[in-house]
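Student: Just passing along the structure, written as structure tokens.
The values are calculated or read from the model by the stated rules, or taken from the named source; none is laboratory data. Because the structure is predicted, anything quoted here is derived from the model rather than measured. When we count neighbours, we look across all protein chains shown, and the Cβ atoms used for this are built from the backbone with ideal geometry, even at glycine.
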């Protein structure tokens, strides 16, 4: 019997740490993640901004990020100001294209950082589609029609930036990572080439993301995103 829960919980930590370090790098704001993760039966895109990305390869899954309007605006404005843009030129509504596009690009960088860290930790690789971000007024169940994804293998990760909440929801393929050397494969690896304290290389992640942008965009041409949505009844 595959005990996939332990592996998913370990991967959840990578998602938490990668998200925290990247967002703190680009916003210069403190990001907190809860040390408690939640098992959930399904994953949703939720208001006010929902964003999702698919990844597939040695491991497969679906990542969703949900932001309140306040969290999205805090991240967007902090990032733009840190980049040197005048505050008076920034969007003031979370539904603005600039805000939604910025959130989508940040998610692309986050999933790139996650994939890179998983490759360092487990020597396993995966590729992802281009993230899609949407301004929403209602929750939407998101599912993929494939037997490889187990609805019982879903997790919800909680974050805050300046007190404003946002979340990651994960749905992963049923898999267990086991070391051939019978060591604890989930012991974190950090250092100059990995993530972790003083080990996050934002420029390396961005460069790697840029190199795969064309490939992911091409793969999206064959992906029917509308077929992924299933509205709540």
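Student: Any residue that is closer than 22 Å to residue 71 by Cβ, in a strand (DSSP E or B) and at pLDDT below 95 - is there at least one of those in the range 209-229?
Tutor: Looking through the range 209-229, none of the residues is closer than 22 Å to residue 71 by Cβ, in a strand (DSSP E or B) and at pLDDT below 95.
Student: Give me the residue from the range 151-183 that is more than 22 Å from residue 107 (Cβ to Cβ) and out of contact with any helix residue (DSSP H, G or I) (no Cβ under 7 Å at 6 or more places or on another chain) and, out of that set, modelled with the lowest pLDDT.
Tutor: Step one: list which residues in the range 151-183 are more than 22 Å from residue 107 (Cβ to Cβ), which gives 151-152, 174-183.
Subset that is out of contact with any helix residue (DSSP H, G or I) (no Cβ under 7 Å at 6 or more places or on another chain): 151-152, 178-183.
Values: 151: 58, 152: 64, 178: 91, 179: 89, 180: 89, 181: 85, 182: 74, 183: 80.
It comes out as 151.
Student: Give me the strands (runs of 3 or more DSSP E) completely within the range 34-134, filtered to those with at least 3 residues that are within 22 Å of residue 24 (Cβ to Cβ), ordered by residue number.
Tutor: Working: elements: 49-57, 61-67, 126-128.
The qualifying strands (runs of 3 or more DSSP E) are 49-57, 61-67.
Student: Taking the conditions exactly as written (touching a strand residue (DSSP E or B) at 6+ places or on another chain (Cβ under 9 Å), over 30 Å from residue 187 (Cβ atoms), surrounded by 18 or more Cβ atoms within 10 Å (Cβ to Cβ) and modelled with pLDDT under 95), does residue 142 satisfy them or not? Walk me through it before giving the result.
Tutor: On the way: touching a strand residue (DSSP E or B) at 6+ places or on another chain (Cβ under 9 Å): yes; over 30 Å from residue 187 (Cβ atoms): yes; surrounded by 18 or more Cβ atoms within 10 Å (Cβ to Cβ): yes; modelled with pLDDT under 95: yes.
In short, yes.
Student: Give 84, 57 a once-over and let me know the one that is without any contact (Cβ under 8 Å) to a residue 24 or more places away in the chain and on the phi > 0 side of the Ramachandran plot. Give the steps one after another, and end with the answer.
Tutor: Working: 57 fails: without any contact (Cβ under 8 Å) to a residue 24 or more places away in the chain.
Among 84, 57, only 84 is without any contact (Cβ under 8 Å) to a residue 24 or more places away in the chain and on the phi > 0 side of the Ramachandran plot.
Student: When both residues are 6+ apart or on different chains and their Cβ atoms are under 8 Å apart, which pairs have a first residue that lies in the range 13-42 and is closer than 9 Å to residue 158 by Cα, and a second that is at pLDDT below 95?
Tutor: Close Cβ pairs (under 8 Å, with a partner that is at pLDDT below 95) amount to 37/9.
Student: Please tell me if residue 114 is crowded, with 23+ Cβ neighbours inside 10 Å, touching a helix residue (DSSP H, G or I) at 6+ places or on another chain (Cβ under 9 Å) and farther than 20 Å from residue 162 by Cα. Can you show your working first?
Tutor: Numbers: crowded, with 23+ Cβ neighbours inside 10 Å: yes; touching a helix residue (DSSP H, G or I) at 6+ places or on another chain (Cβ under 9 Å): yes; farther than 20 Å from residue 162 by Cα: yes.
Answer is yes for this residue.
Student: In this structure, is residue 71 in contact with a helix residue (DSSP H, G or I) (Cβ under 9 Å, 6 or more places away or on another chain) and either buried (at least 23 other Cβ atoms within 10 Å of the Cβ) or without any contact (Cβ under 8 Å) to a residue 40 or more places away in the chain (or both)? Give the steps one after another, and end with the answer.
Tutor: Values: in contact with a helix residue (DSSP H, G or I) (Cβ under 9 Å, 6 or more places away or on another chain): no; either buried (at least 23 other Cβ atoms within 10 Å of the Cβ) or without any contact (Cβ under 8 Å) to a residue 40 or more places away in the chain (or both): yes.
Criteria not met by residue 71.
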